[in-house]
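Q: Take a look at this one; I'll ask things after.
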Protein chains: 10
Amino acid sequence: MAEIETFDNPYPERNYEITHVNPEFTSVCPKTGLPDFGTITVRYVPDKLCVELKSLKYYYLEYRNKGAFFETLVNQILDDLVAACRPRWMIVSGEFNTRGGIHSIVEVEYDASEG
Amino acid sequence: MAEIETFDNPYPERNYEITHVNPEFTSVCPKTGLPDFGTITVRYVPDKLCVELKSLKYYYLEYRNKGAFFETLVNQILDDLVAACRPRWMIVSGEFNTRGGIHSIVEVEYDASEG
Amino acid sequence: MAEIETFDNPYPERNYEITHVNPEFTSVCPKTGLPDFGTITVRYVPDKLCVELKSLKYYYLEYRNKGAFFETLVNQILDDLVAACRPRWMIVSGEFNTRGGIHSIVEVEYDASEG
Amino acid sequence: MAEIETFDNPYPERNYEITHVNPEFTSVCPKTGLPDFGTITVRYVPDKLCVELKSLKYYYLEYRNKGAFFETLVNQILDDLVAACRPRWMIVSGEFNTRGGIHSIVEVEYDASEG
Amino acid sequence: MAEIETFDNPYPERNYEITHVNPEFTSVCPKTGLPDFGTITVRYVPDKLCVELKSLKYYYLEYRNKGAFFETLVNQILDDLVAACRPRWMIVSGEFNTRGGIHSIVEVEYDASEG
Amino acid sequence: MAEIETFDNPYPERNYEITHVNPEFTSVCPKTGLPDFGTITVRYVPDKLCVELKSLKYYYLEYRNKGAFFETLVNQILDDLVAACRPRWMIVSGEFNTRGGIHSIVEVEYDASEG
Amino acid sequence: MAEIETFDNPYPERNYEITHVNPEFTSVCPKTGLPDFGTITVRYVPDKLCVELKSLKYYYLEYRNKGAFFETLVNQILDDLVAACRPRWMIVSGEFNTRGGIHSIVEVEYDASEG
Amino acid sequence: MAEIETFDNPYPERNYEITHVNPEFTSVCPKTGLPDFGTITVRYVPDKLCVELKSLKYYYLEYRNKGAFFETLVNQILDDLVAACRPRWMIVSGEFNTRGGIHSIVEVEYDASEG
Amino acid sequence: MAEIETFDNPYPERNYEITHVNPEFTSVCPKTGLPDFGTITVRYVPDKLCVELKSLKYYYLEYRNKGAFFETLVNQILDDLVAACRPRWMIVSGEFNTRGGIHSIVEVEYDASEG
Amino acid sequence: MAEIETFDNPYPERNYEITHVNPEFTSVCPKTGLPDFGTITVRYVPDKLCVELKSLKYYYLEYRNKGAFFETLVNQILDDLVAACRPRWMIVSGEFNTRGGIHSIVEVEYDASEG
C-alpha cells in the first residue's frame, strides 16, 4: 500500500477536529468484480501528527482495483490511519452508492483513551 | 419467507455501525388491497454476524404482494433481522408515502443489552 | 367531532415510535374568518392502542370550517389524541403558513409517566 | 360567486406580464366529498384592467366548500378572470396534490388575438 | 388489462393540457425477474374525452407483476391511452431508477394531426 | 414603541413551545445609515400570557427606520418580549443578510427559573 | 428621486447582457401602509451607457418609505432606468413576497428597436 | 473494447427518445495518471436497434484504467454508440468533476439526416 | 498576462460544445480596492484548437490582484480566449457575489460567422 | 496584520452567542503557491468586548496572498480573535474547497473557563 504520510501537529496542546471528505472513492466488489463507488469521510482529533492530504489521496487510489466488502474496507482504512498518525480520536465513515436498489453506510470509531 | 443470510463480522472486537437503506420497498395495504410504497432503513451494530446484502434484498421482495399494516411490518422486519444476525443494537425505520394526504413513519429499536 | 378510532397495538411489549404527518391541515382564523393552512405532525409511543389512520384524517377534516387560534388548536389535538389512544408519550406540532409576513410553530408534549 | 374586482391598468400602452400564485387553493372532490389541495397560478398581459389582488383571494375562497373536477375548475377560473379583466393573453394552471399516488396539473391558455 | 375509463371533456372547444404524474410505478424486469421502479408522466391535450384518474391508477397496477422492458412499456402505455381517449396530442415518459449504476428515461410522443 | 399585546395562555398548566418567524425584518445600520435585512425568530414557553401576533408585527415595524447594531437589537427584542409576556423560557435569534461579504447571527436566551 | 448614475459602456460595439439582482427591495403598500418586500431584477443590453451599481442601490432606497402598487412600481423602475442609460433592450421584473397567501410577479420589457 | 450489444427496436415506426445516465463514470487523466470522475448521459432516437443496457455498462468499465482527455473521450463514446446502433439522432454529454477548481462539460451531437 | 495554451481539436470536422466552469474566480474592485468573487463560465464550439485547462486556470489567477469592473473583465476574458483558440462560437459569463445587497451577471457572446 | 477592533459588549451581564460567517475567505497553499478558498465561521459568547465586523473583514483580507496550511490557519485565527476580544467561549471553523478531489474542515474551540 501507498504510505500515509504525516506532519507535526502545529497545535498539539489543543484538542481540535480535522475532517477530510473524499467523494471520489472507488473499489471493486469481491463477489461480482464490478466497481463500487462511495464517499469516505475521516474526522479526527490529532495528537502529535496530522495526516498529509496528498498522501491520503494516493492511499485511497490503492483501492481502485482492489476487491473489498464495505464492512472490511472501512475498518481497514481506520486501522491504517490510526497506525499512521496515532490520533486522540477518529471516525471513518463510508457511504456507498446503490447496489440492487439498496445503499449502505458503514461507520467506525476509534478512541485512544479507551484502549 | 426468503432466508436472511449472514457472514462473519470481520471486526467483532469493535463496535461499529452498518446502515442499509432501501428506498424501493413496496407491500400491499390489507384493507384496500392497494400497494404501499416506502423506504426501509436498517441501522445496527453487528456482534458475530453481518447481514448479507443480496439476501436482504430478496427478503424485502417477499413483502411485494403481501398485506401488512405499517406498524406490524416494521416490527416484523426488526424481529426477522434480529433473529438472523443477533446484533448488539438495531433500529428499523419505515417511511411510507402519502395515503389520503398523510404520510407515516414507524421506528423500532432493539438493544441486546436490555433484553 | 368525528371519533378518532384505534386498533390494538400489535407489539405492546416494545417501545416504538409512530409518526403521522398531515401537510394538508386547514382551519379558520377566529378573528378574520379567513382560512389558515399548516402541517400537523403527531409522534407517539403507543401503549395498548394505535391511532387508526383513516379516522385521523376525518378528525382533521372537522377543523376545515372551524375557528381556532394556533395555540388552542394544537393543544386540543393533543388532548383528543391522548384521550383516544392513551399513549406512553406523544408530541403534536403545528407549522402554520405565513400570515402578515410571520409564520408560526406550536409544539406540545405529553408524557404518561409524568402525569 | 364573489366578484373579481379590477383597477385601471396604469400602463395600458405597454405589453407586460403579471403573475399571481396562490399555493393555498382548496376545493372539494365531487366524487368523494374529500378536500383537494393545490396551487393556482394566473399569468396575464393586462389590457385596460388589472385584477385586484384582495378580490382574487376572496374569489378563490368560494371554492373551499364547492365540489369540482380539476379539469372543470381550471377552465372555470380562466373564464371568470377573462370575463372580469379582458386581458390580451392569460394562462391559468392548477397543480394538485397527490391523490391515490398520482398528482395532476391542468393548464389552460387564452389569447384575445385568436378569439 | 384493466380498462382505462374516460369522461366527456368539459371544454372540448379549447386546447388545454392535462398532466398526470405517477411516481409509484413498478413492473418486473423480464430478464432478471426483479422489480423495476419509476415515475410515469402523461401529458395530453384532450379532444372529446378525458382520462379518468382512478381507472388510470388501476391500469398502472396491472404492470406490478408483469415483465416488460422500459422501451416497450412506455410505448405500450401510450398506445393504450391513445386508444382509450383519442387525444389531440400526448407525451408519455418513464423515468426509471438506477439499475447497475445507470438510470434511464424513455419518452414517446403522439400527435393526432400527424397520423 | 408600539405595544406588544398579549392574550391569556389557554393551556397554562402545560409546558409547550411557540415559535414566530419573521423573515421580513429590516432596520438601519447606525454607522452607514443603510438598511439591514434579516430574519427574527422568537421561541418561547408561555406562562400566563401569549404574544399576540398582529401586535408583534407592528412592534417589528418600529425598527424599520431606526438605527441599531445587531447585538443590541436582538437583546432589546428579547427584553421587550420578556417584559410583555413573562414567559417561562425564551430564545430570540436574528440572522442578518451579508454585509461586506460576511453574514451574522445573534442568539439570546432567557430562562425565568435562572433569574 | 436619487439620480441613477451611468458610466461609458467599455464595449459599445458588442451586444452583451448585464443583470443586477436586488433581493432586498422594500416599499410600502399604498392601501394598508404596511411594507412590501421583493426582489427586483434588471437585465439589459447597454448601448452607450452602463448603470452605475452604487447609484442603483441608492435609487432603490427611495422606495423604502414610498407607497406604490406592484404594477406601477415595476413600470416606473423600467422608465427611470431607460431614461438614465438608454439601453438597446431591458427587462425589469419584480417578485413580491406573499400577501394574503398570494405572491405576485410583474415583468416589463423595453426594446429600443421597437419604439 | 467490450462490445456494445443491441436489440431490435420494438417500435421502429415511431420517433421516440431514450436516455441512459451513468453517474459512475471514471477514467484516467493521460497527463497526471490520476483518476477523473464524471457523469455520462446518452440521449438518442433509435432506428432499427436499441442499446442493450448491461453491455453499455461493461463498455463504460473499459475506460476505468484508460487515459483519455475529456474532449476525446466524449467524441469516442458517441462514435462507438453510433457504430453499434445506428440511431436517427444522438447526443452524448460528459460532466466531469472539479480538477484544479474548474469543472468541465463536453457535449457532442449526431444527426443521421445530416450525415 | 499568463498565456492561454491550446491543443489541436481532436474532432475538428464536428461541431460540439465544451464548457469550463470556474467557481473560484476573484479580482479586485478598482473603486474600493476590496476583492470581488464570482463564477466564470466559458462555453464554446472549438474550430482547430481547444483551450488547455491548466493554462486557463493560471490565466484566471492573473486577475487575483488586478482591479477591473465586471463589465470590462468579462469582455476582456472573451477577447483573450477568442484570440487564443479562434472558436466557431463562444459565450463567457460572470456571476458575481453580492456587493451592497445586489449581485450581478455579465454575459458576452462571440460568433465567428458574424464577424 | 490588520488590527481586529472591538466595541463594548452592550449586554455583558448576559451569556449570548454571536456568529460571523465569511464564505469569501481565500489564502495561498504554501506548497503549490496556488490559492485556496473556503468559509470561515466564528461563533462566540462575548465577555466585555465584541468583535467589530468591518475590522474582521480587513483582518481576513490579510490572508489573501499569504501561505498557510488549513490546520495552522484556523488555529491562528482563533488565537488572534481570542487575544483581541477575550470571549467567554469561541469556536472557529474553516471549510475548504475541494483540492485533489478531497475537501477539508478544521474546527477549533476555546473555553475561557478551562484555561
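No value in this document is a laboratory result; all are computed from the given coordinates. Computed from a predicted structure; not experimentally measured. Glycine also receives a Cβ, built like all others from the backbone with ideal geometry; neighbour counts cover every protein chain displayed.
Q: Could you tell me what percent of the DSSP beta bridges with both partners in the protein assembly as shown are antiparallel, to the nearest 5?
A: Beta bridges within the protein assembly as shown, antiparallel portion: roughly 95 percent.
Q: Now a separate question. Distance from the Cα centre of the stretch E:1-38 to that of the stretch C:33-96, in angstrom?
A: 35 Å
Q: Using amide H atoms built in the peptide plane, which far-off residues or other-chain residues are under 5 Å from H:GLU52 H to H?
A: Residues meeting the amide H criterion: H:GLU5, H:THR6, H:PHE7.
Q: Can you list the residues, at least 5 places off or on another chain, whose amide H is less than 5 Å from the amide H of I:TYR11, using H built in the peptide plane?
A: Here the answer is none, since no amide H 5 or more places off falls under 5 Å of that of I:TYR11.
Q: OK, next. Which pairs in the list G:LYS57/J:LYS66; C:LYS57/E:LYS54; C:LYS48/F:LYS48 are over 29 Å apart, alpha-carbon to alpha-carbon?
A: G:LYS57/J:LYS66; C:LYS48/F:LYS48
Q: Hey, got the average number of other protein chain Cβ atoms within 10 angstrom for residues in B:8-21?
A: 5
Q: A further question follows. Treat the stretch I:23-115 as a sphere of radius equal to its Kirkwood radius over Cα pairs and apply Stokes-Einstein at 4 °C in a medium of 1.567 mPa s; give the translational diffusion coefficient in µm²/s, rounded to a whole number.
A: Stokes-Einstein gives a translational diffusion coefficient of 94 µm²/s.
Q: Quick one: Karplus J couplings for the stretch A:51-67, per residue in order, coefficients 6.51, -1.76, 1.60, θ = phi - 60°, nearest Hz, x for Gly and Pro?
A: Per-residue couplings from phi come out as 6, 7, 5, 5, 5, 4, 4, 5, 4, 4, 4, 4, 7, 3, 10, 10, x Hz.
Q: Further question on the same structure: Could you please point out the chain A residue with its Cβ nearest to the axis of the rotation taking chain A onto chain D, and the distance in whole angstrom?
A: That would be A:GLY101, 10.
Q: Pairing the Cα long axis of helix F:70-85 with the longest principal axis of chain F, what angle in degrees results, from 0 to 90 and rounded to the nearest 10?
A: 20 degrees
Q: For G:LEU34, what residues show an amide H to amide H distance below 5 Å, using hydrogens built from the backbone and excluding near sequence neighbours?
A: For G:LEU34, the qualifying residues are G:CYS29.
Q: Can you pull the mean other chain C-beta count within 10 Å for peptide I:103-113?
A: Mean shielding by partner chains, rounded to a whole number: 4.
Q: Right, something else. Evaluate peptide B:88-96: per residue, the Cβ atoms of other protein chains within 10 Å of its Cβ; return the mean as an integer.
A: The mean count of partner-chain Cβ atoms within 10 Å per residue comes to 1.
Q: While we're here: Given the rule -39500 (n - 2.57) for each run of at least 4 DSSP H residues, summed and divided by the residues of chain I, what is its mean residue ellipticity at 222 nm, to the nearest 500 deg cm²/dmol?
A: Estimated from H runs of four or more residues: -7000 deg cm²/dmol.
Q: First check a/c for the protein assembly as shown, with a ≥ b ≥ c the square roots of the eigenvalues of its C-alpha gyration tensor; if it is under 1.5, answer rounded, and if not, answer prolate when a/b is larger than b/c or oblate otherwise.
A: rounded
Q: Oh, and also: In sequence order, what are the phi-derived ³J(HN,Hα) couplings for the stretch D:23-40 according to the Karplus relation 6.51 cos²θ - 1.76 cosθ + 1.60 with θ = phi - 60°, rounded to whole Hz, with x for glycine and proline?
A: x, 10, 7, 9, 9, 10, 5, x, 7, 9, x, 8, x, 10, 10, x, 10, 9
Q: Please state the relative contact order of chain E as a whole percent: Cα pairs under 8 Å, 6+ residues apart?
A: Here the relative contact order equals 29 percent.
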